[in-house]
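Asks: One structure coming up, written as C-alpha cells, with questions to follow.
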Amino acid sequence: MPELLRDPVERALASAVSALSLSRGMFFAVSALYFTRGVGLSPTTVGIGLTLAGGVGVLASYAGGWLSDRCGADRLQQWALAANGIALLGYAFARDVVSFVVVAACVSASRGLQSTAQMTLLARWFVGPERVAVRARLRVVMNVGIGIGTLLAGLALLVDTATAYRLTVVLVGAITILGTIPLAGLRRRVSGLAESMDASASAEAPRGPSPLKDRTYVVSTVLNALLAIHFALTSIGIPLWVADHTEAPTVVVSVLLVVNTAYVALFQVRASRGTQDLRTAGRSVRRAGLLLLVACLLFAFAGHLGAAAATGVLLLGALASSAAETRGEAGSWGMAFELADPARAGAYQGLSQTGLALALMLGPAVVTTTAIDHGTLGWIALGALFAITGTATAIVANRAAATRRQPVSTPSPSHS
C-alpha cells in the first residue's frame, strides 16, 4: 500500500499495527481453547473473567485521554503497547481463576490505553480528511494482519495440545512487544511531533470544558456505541446462530469471517472518503444502520431455510453486515474527530473510545439475549435498534453541521 509511505508517523503506526494485529489474530484463534484446556477454566468462568476485565478496559480507555493530553499520545502509545505485550505474556503463567482475571484486567487496561492514545495521536498530528483516511488505512492493515495471524495459529490448532497453545500465547506477547520498535524515538525523528503531542501538556495551555459537558459529543458517543454492538454479530451472534439455529454446515462460519475480513480490507478506505464532513459522516452511519437491519433480517430468514438456501442467504447477510461495518466505522471516526475540541483531543478521544469499549464489553450479552434467545423476533428487534440508531446519528450530525455553519451577521459597509 504505497499511501502508507507518505508520512513517517503513519509508517510507524502501520508497522506497529501490523505487529499488533498479527498477534491479535493468533490470540483470537487459540485463546478460548488455551483458557479452558491450558489453564483449566470453565467456559463460564472465562466469560465472567473477560467481562470483568472489559470493565477495567472501559475505565482505562477514558483515563487514556487524560494521560495522552499530559504525557503525549506518542509516548503513551508506545508504553501501553509494551505493557500489553508483557500482560499477554502473563497468560502463559496463569494457573487459576485469580491469576487469569488479574492478567486479563492488565491486558484489557493496556489495550484501552493504547487504543485511546492512537486515536489522540491521529487527531493531533493529522488534519482534515487525512485523519479519517489514515485511520481507514490502519484498519485495513489491522484486518489483513488479523487474518494472517489467524492462519498462523492454525498450526497450534492442528497440534491441539495445551503446550502448543501456551507457546502460541508466548509468541503473541513477544510479537506485540516488537510492535513498539517503530514507535521508539519517533518524536526525535519527526520534526514538530513533540510540539504537536505536548500542545496541551503545559500549564499555559488552554483548558476547555470536559467532553462530558459537551452534549453533542456525548450523544454522538452513545449512539456510535450502540451501533458498535454489531461487532458482536461477527464474533458471537453469527457463529452461534449458524451452528445451532440453521441447517447450514458449521464450516460456513469460517467462510463468513473470511468474507468480512476481505470486504473490509478492500472497501474500508473507499467507504471513508468524505466522512471528515459531518453531514457525510452522518449519512454514512445512517446507511450502516439500514444495512445492519437488512443483514439481521437475512440472518433471521436463514433460520427457516434448507442447508443450501440458508448458506446463500447467510452470505448475503455477511456482505450487508460487512458493508455496514465499513460505513459505520468511517462515519463514527469522522464524527469523533470533527466534533472534538482540538485543545482537548485526548479527553475527547478518550470518551469516544470509552463508548467503543463499553459496546465491545456488552455487545455479546445484547446479541445473545435478543437474536440467539428469541430467534426471528430477536433479530428484528436488533436490526430495528441499529436502524434507529443510525438515523438518530445522522440527525445529530446534521444539526452539528448546521450549528457550525451559521452565518455571522456583520454590518453592511457604508458607500457614502
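Asks: Quick one: which of G57, G72, G38 is in contact (Cβ under 8 Å) with a residue 24 or more places away in the chain, surrounded by 18 or more Cβ atoms within 10 Å (Cβ to Cβ) and on the phi > 0 side of the Ramachandran plot? So that I can check it myself, show each step before the final result.
Replies: Values: G57 fails: on the phi > 0 side of the Ramachandran plot; G38 fails: on the phi > 0 side of the Ramachandran plot.
Result: G72 is the single residue among G57, G72, G38 that is in contact (Cβ under 8 Å) with a residue 24 or more places away in the chain, surrounded by 18 or more Cβ atoms within 10 Å (Cβ to Cβ) and on the phi > 0 side of the Ramachandran plot.
Asks: State which residue is surrounded by the fewest Cβ atoms within 10 Å (Cβ to Cβ) when the search covers only the range 266-299 and only residues that are among the polar types (S, T, N, Q) and not in a helix (DSSP H, G or I). Give the steps one after another, and end with the answer.
Replies: Taking the range 266-299 and keeping what is among the polar types (S, T, N, Q), we get 268, 272, 275-276, 280, 284.
Adding the requirement that they be not in a helix (DSSP H, G or I) leaves 275-276.
Working: T275: 31, Q276: 21.
Here the answer is Q276.
Asks: Would you confirm, using the coordinates I've provided, whether A232 is buried (at least 18 other Cβ atoms within 10 Å of the Cβ), modelled with pLDDT of 90 or more and more than 24 Å from A14 (Cβ to Cβ)? Show your work before the answer.
Replies: Numbers: buried (at least 18 other Cβ atoms within 10 Å of the Cβ): yes; modelled with pLDDT of 90 or more: no; more than 24 Å from A14 (Cβ to Cβ): yes.
Spelling it out, it is not the case that A232 is buried (at least 18 other Cβ atoms within 10 Å of the Cβ), modelled with pLDDT of 90 or more and more than 24 Å from A14 (Cβ to Cβ).
Asks: Now for a separate question. Can you tell me which residues in the range 300-320 are assigned to a helix (DSSP H, G or I) and over 30 Å from A397 (Cα atoms)? Lay out the reasoning, then the answer.
Replies: First, the residues of the range 300-320 that are assigned to a helix (DSSP H, G or I): 300-302, 307-320.
Scanning the range 300-320 gives A300, F301, A302, A307, A308, A309, A310, T311, G312, V313, L314, L315.
Asks: Based on this model, can you work out whether R11 counts as assigned to a helix (DSSP H, G or I), basic (K, R) and more than 23 Å from I236 (Cβ to Cβ)?
Replies: Details: assigned to a helix (DSSP H, G or I): yes; basic (K, R): yes; more than 23 Å from I236 (Cβ to Cβ): yes.
Yes, satisfied.
Asks: Continuing with this model, one more query. For A336, indicate whether it is crowded, with 24+ Cβ neighbours inside 10 Å and touching a Phe, Trp or Tyr at 6+ places or on another chain (Cβ under 8 Å). Lay out the reasoning, then the answer.
Replies: On the way: crowded, with 24+ Cβ neighbours inside 10 Å: yes; touching a Phe, Trp or Tyr at 6+ places or on another chain (Cβ under 8 Å): yes.
Taking the combined requirement at face value, the residue satisfies it.
Asks: In this structure, is A320 surrounded by fewer than 24 Cβ atoms within 10 Å (Cβ to Cβ), without any contact (Cβ under 8 Å) to a residue 60 or more places away in the chain and more than 26 Å from V141 (Cβ to Cβ)? Steps first, answer last, please.
Replies: Numbers: surrounded by fewer than 24 Cβ atoms within 10 Å (Cβ to Cβ): yes; without any contact (Cβ under 8 Å) to a residue 60 or more places away in the chain: yes; more than 26 Å from V141 (Cβ to Cβ): no.
No; evaluated as a whole, the condition is false for this residue.
Asks: Cβ-Cβ below 8 Å, separation at least six or inter-chain, first residue in the range 373-394 and under 10 Å from L293 (Cβ atoms), second among the basic types (K, R) and assigned to a helix (DSSP H, G or I): which pairs?
Replies: G390/R286; G390/R287
Asks: With the condition kept exactly as written, say whether any residue in the range 301-311 is in the same structural domain as I380 (by TED's automatic domain parsing), buried (at least 22 other Cβ atoms within 10 Å of the Cβ) and under 17 Å from G383 (Cβ atoms).
Replies: yes
Asks: Report yes if some residue within the range 183-197 is under 30 Å from T403 (Cβ atoms), crowded, with 16+ Cβ neighbours inside 10 Å and under 23 Å from the mean Cα position of the chain (by Cα); otherwise report no. Can you show your working first?
Replies: Going residue by residue through the range 183-197, those that are under 30 Å from T403 (Cβ atoms) are 196-197.
Next, from what is left, pick out any that are crowded, with 16+ Cβ neighbours inside 10 Å: 196-197.
Pick out the ones that are also under 23 Å from the mean Cα position of the chain (by Cα) and you get 197.
For the range 183-197, residues under 30 Å from T403 (Cβ atoms), crowded, with 16+ Cβ neighbours inside 10 Å and under 23 Å from the mean Cα position of the chain (by Cα): present.
The values are calculated or read from the model by the stated rules, or taken from the named source; none is laboratory data. Predicted model, so just to flag it, every value in this text is computed and none were measured. Backbone-built Cβ (ideal geometry, glycine too); neighbour counts: all protein chains shown.
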